[in-house]
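Working notes, beginning with the structure itself.
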Amino acid sequence: MNMFKAWLDKWWRSIVFNVAEIAIIFLLGSLLDLEYSYRIYVMATWTAARLLIGKPKHYKAWQKCLIWTALLFLSLFVIAKAEFLLSIVASAFCAFILSNRADINEVFMWKPKGESKYQKEIEYVKYNPISADLISFEDRLKRDNDNLSVMCYEYIFKQGKSWQEAANDLDTETYKLAPIVEKVAFGIRLSCKI
Amino acid sequence: MESVLFGLLPESIYFTLFLVFAKGIKTKRILLFSLIFAANILFSAFLSYSVWYHVCLLATIYLIIKILYKAQIIDVFLISLSFIILTILGVVCYFLISNYTVALIINRALMFAVVVGLKNKIKNIYLLYRSVWNRNDNAKVKSITVRNISVILLNILLVAIVIGMAFFTTKSGGVNNMIWSFFGFCDTKDGE
């Protein structure tokens, strides 16, 4: 009994919120005069997809979660009103997109599970190509450094090539690239405040 | 023949150019265009005037670029952006110009003008979109918000396509009647 009480103390807010959210979303269907069965199918597809796909994304704030979920289901109910089967497909697709399974995965220098020593710098360059700090760093790199540093930056940080590939392209050895890559990475961290 | 020459062919070129400019594609462009054109013809033969034509075409274009260029799921929204632009141009031309042939010619011209004229902007939008897609605690907009907006816009596009398809296939009633009938406010599609 004590265990149950402890569990309830921990989870009662979440349970109340989820039940209220389901009720509000279900009632949203009434705005469109959508059949009950359609609403249940769409919500069930969404829930089943989230459970099967796993790694769902969540908002930390319950208000944002409620608002965005309501808007999403409103759009799904509008589709259901026009074309029911399409709403099922859209519901499953939305569940996939709103999970970490839909993250952009790039193959970096090493295996995806193993992180490179310069992972943060590589990811910053990959996902912030139009950042003013990065563009300023690139201009300084081209102006102040020799071609080998510029090519290292281009191959390893921008194009995501492996050290071996970069060394082959530059006609050098991988161990000779290490101090150059370290210098470039330091420059990125300093310029972009990583 | 006319529908292929003035419909499917320009649209296939449009989609190809859109992807080439947005993703900076430099290789296998002819193959990309050929596959998109083939998919367009195939789906228009079997799924004409149906929302499933657009859904299948969207999914197929995504599969094509996934196989050719190892595209990520985010590219579905890039393709849907091209659909949105095409839809808006189609609606504008159709409703503003009464002559169908003139509307078609202007629509095709505008289609290419937009994609060629905005090619740098399209690329920048795509790069910016990619930068906020994954979780980034330093970003101004949260990744989950970006994804929510994306899927909601995609859903709105699908509804617009359903309504559009119904509008073009109905024989009587006006646009308003079609829209209202979809939402159950009229008993028949004629809006009676």
Per DSSP, loop trypsin sites (Lys or Arg not before Pro) in the range A:25-92 with at most 13 further Cβ within 10 Å: A:K60
Return the inverse of the average 1/r over all pairs of distinct C-alpha atoms in the range B:72-149, which is the Kirkwood hydrodynamic radius, in Å to one decimal. 14.4 Å
Chain B: longest segment with zero exposed trypsin sites (Lys or Arg not before Pro), where exposed means DSSP loop plus at most 11 other C-beta atoms within 10 Å, is residues B:71-139
For B:R135 and A:L52, extending 7 Å from Cα along the Cα-Cβ vector and measuring point to point gives, in nm, a value of 2.5 nm
Relative contact order (%) - criterion: Cα under 8 Å, at least six apart; region: the range A:32-111: 46 percent
Flagged links, alpha-carbon separation over 25 Å, of A:K60/A:K81; A:K57/B:K121; A:K117/B:K123; A:K158/A:K193; A:K57/A:K81; A:K193/B:K142: A:K60/A:K81; A:K57/B:K121; A:K117/B:K123; A:K57/A:K81
Gap separating the Cα centres of the range A:32-96 and the range B:48-97, nearest whole Å: 22 Å
Using only protein heavy atoms and a 1.4 Å probe, report how much of A:E83 is accessible, in Å² to the nearest 10. 60 Å²
For the pair B:T87 and A:L74, what calculated FRET efficiency results from E = 1/(1 + (r/R0)^6), where r is the Cβ-Cβ distance and R0 = 22 Å, to the nearest 0.05? 0.60
Which length gain, in nm to one decimal place, applies between A:L148 and A:N18 when the Cα-Cα distance is subtracted from 0.36 nm times their residue separation? 41.1 nm
Partner chain Cβ atoms within 10 Å, averaged over the residues of A:78-89 - can you pull that number for me? 5
For the range A:1-50, state the average projected area of the convex hull of the C-alpha atoms over all orientations, rounded to one decimal in nm². 4.5 nm²
Would you mind getting me the FRET efficiency between B:F6 and B:I30? Use the beta-carbon distance for r and R0 = 25 Å, nearest 0.05. 0.70
Mind grabbing the interface size between B and A? I mean buried accessible area, both sides, 1.4 Å probe, in Å² to the nearest hundred. 3100 Å²
Can you give the convex hull volume per residue for the Cα atoms of the protein assembly as shown, as a whole number of Å³? 184 Å³
Could you work out, for chain B, what percent of all Cα-Cα pairs fall into each 10 Å distance bin, beginning at 0 Å and stopping at the bin that holds the largest distance? 8, 31, 36, 19, 6, 0
Keeping every protein chain in place, order A:W46, A:W11, A:W62 by accessible area at 1.4 Å, biggest value first, i.e. largest first. A:W62, A:W11, A:W46
Rough spin-label spacing in nm, given labels placed 7 Å along Cα→Cβ, for A:L8 and B:K119: 6.7 nm
Rounded to the nearest 10 Å², the 1.4 Å probe accessible area of B:V4 is 40 Å²
Label-point separation in nm, B:F95 to B:L68, each point 7 Å along Cα→Cβ: 3.4 nm
Chain B: relative contact order in percent, alpha carbon pairs under 8 Å with at least 6 residues between: 21 percent
Ordering A:D33, A:D133 by accessible area with a probe of 1.4 Å, largest first, what comes out? A:D33, A:D133
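The values are calculated or read from the model by the stated rules, or taken from the named source; none is laboratory data. Everything numeric in this text was worked out from a predicted model, so none of it was measured. Backbone-built Cβ (ideal geometry, glycine too); neighbour counts: all protein chains shown. For accessibility, only protein heavy atoms count, side chains too; no ligands or nucleic acids. Shrake-Rupley method; radii C 1.70, N 1.55, O 1.52, S 1.80 Å.
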